[in-house]
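Remarks on the structure that follows.
The values are calculated or read from the model by the stated rules, or taken from the named source; none is laboratory data. Given the structure is predicted, the values throughout are model-derived calculations rather than measurements. Note that we place each Cβ from the backbone using ideal geometry, even for glycine, and neighbour counts take in every protein chain shown. Surface areas here come from the heavy atoms of the whole protein model, side chains and all, with no ligands, DNA or RNA. Shrake-Rupley method; radii C 1.70, N 1.55, O 1.52, S 1.80 Å.
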Amino acid sequence: MAFSLFKGPDKADGAKRSTLTVERMLASGEFAAAESAALELVESSPDEAAPRVVLGMALKAQGRLRGALAAFEAAVARNPSDVEALTDLAEMCLELGLLEEALFIVGQAVKLAPTAAPTRLIQARALDATLRPAKAAQAYLVALGSGSIIPAAQEGLISVIEHSPEVVPDRENSEFAQFRGALITAFQAGQAETSGLATAAGIVISRAYGLGTPECSSPDTLLDELSEDELFIRLLQETINVDPVVERFCIGLRQHLLTVYGHEVEPPIAVTRLAAALSLQAYHNEYAMPCGEAELGQIDRLAHEIEGELNNGKPSPIVLRGKLLMLAMYAPLSSHPRADRIMDLALGGEVQRVVALTVRERREVEALRDRIPAIGKIDPKKSTSVGHQLAEANPYPRWIHIARPESGALPNYLRSRFPAYDPPEFSTPKIEVLVPGCGTGQHPIKAAMRFPAAQVTAVDISLDSLAYGARMARKLSVGNVEFMLGDLMRLPDEPARYHYIECTHLLHHVAAHEDAWAALAALLRPGGVLKVDVPSKHGRADVAAVRELVSRLSLQPDTQGIRKVRQKVFGGSAPSDAAIMTRPDFYTVSGCRELLFHVPVTRYDLDGVYNMVEQHGLRMVGLFADPVVRTTYRKACPDDPNMADRTSVIRFERDNPKAFRSVYQLLCEKPA
């Protein structure tokens, strides 16, 4: 239906209102209508920049990057001092791999608006992509200093610290406080992924205290300072630490607290707070940190003393508080024979919080196990195996927090990742999403958040994993996801019902890849889309070397065996030891079991990946990659922005062997 964008006698005011109308259309996903409205606006106001900007936004939303680039260039030509147009043009250059052009253009915008957060954000991304991490970090800090919470700037700064730790200055440097403050703000906002935040926080904390250096003070001289250090406490309480230097320090700190204060009825406040934080970290990493025989002996004595006090008719909270915190640093309170009695006590303070977050969470997960419905059939051999029972004790992957993604429609999400792809527009009001091998629910919950109009079905053979996911979905108020007990190979596939399947960890667990691919293809409806992670042949040498150590020592995949291999790696000097300590899975019991004890599966090179896709009647849409890799690829292969062309991608990986690390993330489509 034709309509006029202009209302009222004031054309300039009408143009402004019309631009806002186009932006509202874009926000609601009406991309084609927004493009038509923008074109009408361009025709009515050919000399103004704003209509060209919204036209560029509409074209970009539809994946037409070259057209968007031309629209933004036309906007800048009409108003070279339009900061928004310059910023959008720089961002589009960045998306297309035109790195130096992006850097120059955004530099012009920064001169006009030095403190504008969106402009500084694009400048930081351009600096990072052109291998200027120190300057990128400074630009991110300027963006974050604007006073508003910008998740993209937080994530960008965290990423720079992760891959270039040298950007963090020494503690004496006046800029150090900015890095620390930015990370504390990221924790407080709760919008950053905790795995990257944990890495960045570990780097900053190590710099703050000189951890791992001769200058580092002994734990007993740092107790008060550490207990008041919000970044250190939040790292332990809210994430899984993935820094080996921080873990070594925490092992020493824990031993010091137990040895010096383990017999005190009421330890000092600083000790109590640190013991509580270490208890939560131990709970998060599933008690993976190694400990000595003397510590284990003292912990056994504490456990007996606690049981004796609980058997008393009127157990004293004052007597129990310190002992429970010391025990919780080493072992789960939920496994104590009187755990229910502990949960009922009015303990108060830090210990009450530890009990609530550990014992109560475990009880809630156990209660949800019996409410998980089943779909299809389960192979009884899988559910009774020793490996399965160990996995039930420590469901994989362990996670605590999830950053809420930007929500919208599935086609819009796919266009934003693959600009040259025209995704299917499904006619049904509610799309069906399947996440097989969902583990503890992180991926299906994120999919449900990302696509609020979808119904997500999350399937796994581990009841504990499903119950953990169901509990987290309830905690996060995510109602459009259902967790079901089921096996991908035995799910009903008639009729093929799923519009979108997201398969992340599954192919790392099954030996019969051919059968898994066939099942995925059968479950996908014609025109449906599959996102799948495929294990790569590359980047696993460190794992193979440590697996050999596990075999040589005849270690078992239980907590004791995992602690022993971790202790060996911590004390080792081989390149594989240093390399494996960069893997987040190394820092939890479930992750270490997955990494080092799980039966090896078939791994592929890119040729094999493309063959598998074609063999099962699917079409490769492209590969997911981190922003720096994607930008580098688009610069090298400008005619293949989706990373879909077989020859180009294989050549790119040969020239950039670390581009995809140990996994390929694919997007495939089933022809309609």
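Sort through Val613, Val589, Val609, Val649 and tell me the only one that's hydrophobic (A, V, I, L, M, F, W, C), touching a Ser or Thr at 6+ places or on another chain (Cβ under 6 Å), at pLDDT 90 or above and open to solvent by less than 10 Å² (accessible area, probe 1.4 Å).
Val589 is the lone residue from the list that is hydrophobic (A, V, I, L, M, F, W, C), touching a Ser or Thr at 6+ places or on another chain (Cβ under 6 Å), at pLDDT 90 or above and open to solvent by less than 10 Å² (accessible area, probe 1.4 Å).
I need the full set of residues from the range 22-40 which are open to solvent by 20 Å² or more (accessible area, probe 1.4 Å) and within 23 Å of Ala453 (Cα to Cα), in order please.
If the condition is that a residue be open to solvent by 20 Å² or more (accessible area, probe 1.4 Å) and within 23 Å of Ala453 (Cα to Cα), then Glu23, Arg24, Met25, Leu26, Ala27, Ser28, Gly29, Glu30, Phe31, Ala32, Ala33 are the ones that fit.
Taking the range 26-35, which residues are closer than 12 Å to Gln62 by Cβ and either of a type in the set (Gly, Ala, Ser) or outside any helix (DSSP H, G or I) (or both)?
Correct list: Gly29, Glu30, Ala32, Ala33, Ala34.
Yes/no per residue for (1) of a type in the set (S, T, N, Q); (2) under 30 Å from Gly156 (Cβ atoms); (3) open to solvent by 10 Å² or more (accessible area, probe 1.4 Å); (4) over 23 Å from the mean Cα position of the chain (by Cα):
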residue	(1), (2), (3), (4)
Gln560	yes, no, yes, yes
Asp577	no, no, yes, yes
Pro584	no, yes, yes, no
Val599	no, no, yes, yes
Asp605	no, no, yes, yes
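Scan Arg630, Arg654 and give me the residue that is without any contact (Cβ under 8 Å) to a residue 40 or more places away in the chain, among the basic types (Lys, Arg) and open to solvent by less than 60 Å² (accessible area, probe 1.4 Å).
Exactly one residue qualifies, and that residue is Arg630.
Let me spell it out: the conditions are (1) touching a residue at least 40 places away in the same chain (Cβ under 8 Å); (2) open to solvent by less than 10 Å² (accessible area, probe 1.4 Å); (3) closer than 29 Å to Glu215 by Cα, and Val160 meets all of them except one. Which number is the exception?
Of the numbered conditions (1) touching a residue at least 40 places away in the same chain (Cβ under 8 Å); (2) open to solvent by less than 10 Å² (accessible area, probe 1.4 Å); (3) closer than 29 Å to Glu215 by Cα, the odd one out for Val160 is (1).
Which is at negative phi, touching a residue at least 60 places away in the same chain (Cβ under 8 Å) and either part of a helix (DSSP H, G or I) or open to solvent by 10 Å² or more (accessible area, probe 1.4 Å) (or both), of Arg120, Arg125, Arg171?
Arg125
So, restricting to strands (runs of 3 or more DSSP E) that lie completely within the range 396-498, which ones have at least 3 residues that are within 30 Å of Ser28 (Cβ to Cβ) and at pLDDT 90 or above?
So the answer is 432-436, 455-460.
Looking at (1) surrounded by fewer than 19 Cβ atoms within 10 Å (Cβ to Cβ); (2) within 21 Å of Asp626 (Cβ to Cβ); (3) touching a residue at least 24 places away in the same chain (Cβ under 8 Å), which is the only condition Lys135 fails?
(3)
Looking at (1) open to solvent by 30 Å² or more (accessible area, probe 1.4 Å); (2) modelled with pLDDT of 90 or more; (3) not hydroxyl-bearing (Ser, Thr, Tyr), which one does Gly349 not meet, given that it meets all the others?
Every condition holds for Gly349 apart from (2).
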